[in-house]
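Peer 1: This is the structure, below, for whatever I ask next.
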Amino acid sequence: MGFFNKKNERTSICGCNCTTETIRTAGTDNVSSRIKVLGSGCAKCKALERTVKEALAELGMETAVEHVTDFALIASYGIMTTPALVVDGKVVSYGKVLNKEEAKALILKARGGQSVL
């Protein structure tokens, strides 16, 4: 019987090609010193990425900023509205483009007020 030989693999509710493995491991890759901008790559997402890089430069922090456009990975963070900002694995903002001062404050708060300056 064919029914008993099927693999019991859960698929995502979004209908994309992500598997339980990609969903389970999403966002867990070396999150200790990373900042991610989540979004499709639209003008607002690019503006947030630019602002975050400027904020990091003013804070004296040399941190890689990754722009995540994969909707399966974005959904794994529980984000429904982009752009979003993730600092060290924690979502700190979503649904708006931050100005430089807001970005600096959120980065410092997420990192416990640590600055290199």
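Peer 1: What number of residues within region 69-91 are closer than 16 Å to A47 by Cβ and crowded, with 16+ Cβ neighbours inside 10 Å?
Peer 2: Going through region 69-91 one residue at a time, the tally reaches 4.
Peer 1: Does at least one position in region 65-80 carry a residue that is within 17 Å of R111 (Cβ to Cβ) and among the hydroxyl-bearing types (S, T, Y)?
Peer 2: no
Peer 1: Related question: Out of the residues in region 53-99 meeting the condition of being outside any loop (DSSP other than H, G, I, E, B) and in contact with a Phe, Trp or Tyr (Cβ under 7 Å, 6 or more places away or on another chain), tell me which one is farthest from V37 (Cα to Cα).
Peer 2: Within region 53-99, the first condition is being outside any loop (DSSP other than H, G, I, E, B), and the residues that meet it are 53-59, 65-68, 71-76, 84-87, 90-94.
So of that shortlist, the ones also in contact with a Phe, Trp or Tyr (Cβ under 7 Å, 6 or more places away or on another chain) come out as 84, 86, 91.
Values: A84: 6, V86: 6, V91: 10 Å.
The residue in question is V91.
Peer 1: Next question, about the same structure. Restricting region 36-45 to residues that are in a loop (DSSP other than H, G, I, E, B) and either within 19 Å of G89 (Cα to Cα) or under 12 Å from the mean Cα position of the chain (by Cα) (or both), which is modelled with the lowest pLDDT?
Peer 2: Only one residue tops the list, namely S40.
Peer 1: Checking S33 against (1) under 16 Å from A110 (Cα atoms); (2) at pLDDT below 60; (3) surrounded by 14 or more Cβ atoms within 10 Å (Cβ to Cβ), which test does it fail?
Peer 2: (3)
Peer 1: If I filter region 46-63 for residues that are under 14 Å from the mean Cα position of the chain (by Cα), modelled with pLDDT of 90 or more and open to solvent by 60 Å² or more (accessible area, probe 1.4 Å), do I get at least one hit?
Peer 2: Scanning region 46-63 turns up at least one residue that is under 14 Å from the mean Cα position of the chain (by Cα), modelled with pLDDT of 90 or more and open to solvent by 60 Å² or more (accessible area, probe 1.4 Å).
Peer 1: A further question follows. Look at G113 and say whether it is in contact with a Ser or Thr (Cβ under 6 Å, 6 or more places away or on another chain), at pLDDT 70 or above, exposed (fewer than 14 other Cβ atoms within 10 Å of the Cβ) and not aliphatic (A, V, I, L, M).
Peer 2: Spelling it out, it is not the case that G113 is in contact with a Ser or Thr (Cβ under 6 Å, 6 or more places away or on another chain), at pLDDT 70 or above, exposed (fewer than 14 other Cβ atoms within 10 Å of the Cβ) and not aliphatic (A, V, I, L, M).
Peer 1: For region 92-102, state whether one or more residues are under 11 Å from the mean Cα position of the chain (by Cα), modelled with pLDDT of 95 or more and open to solvent by 30 Å² or more (accessible area, probe 1.4 Å).
Peer 2: yes
The values are calculated or read from the model by the stated rules, or taken from the named source; none is laboratory data. These numbers come from a predicted model, not from an experiment. Cβ atoms come from the backbone with ideal geometry, glycine included; neighbour counts cover every protein chain shown. Heavy atoms of the whole protein, side chains included, go into the accessibility calculation; ligands, DNA and RNA do not. Shrake-Rupley method; radii C 1.70, N 1.55, O 1.52, S 1.80 Å.
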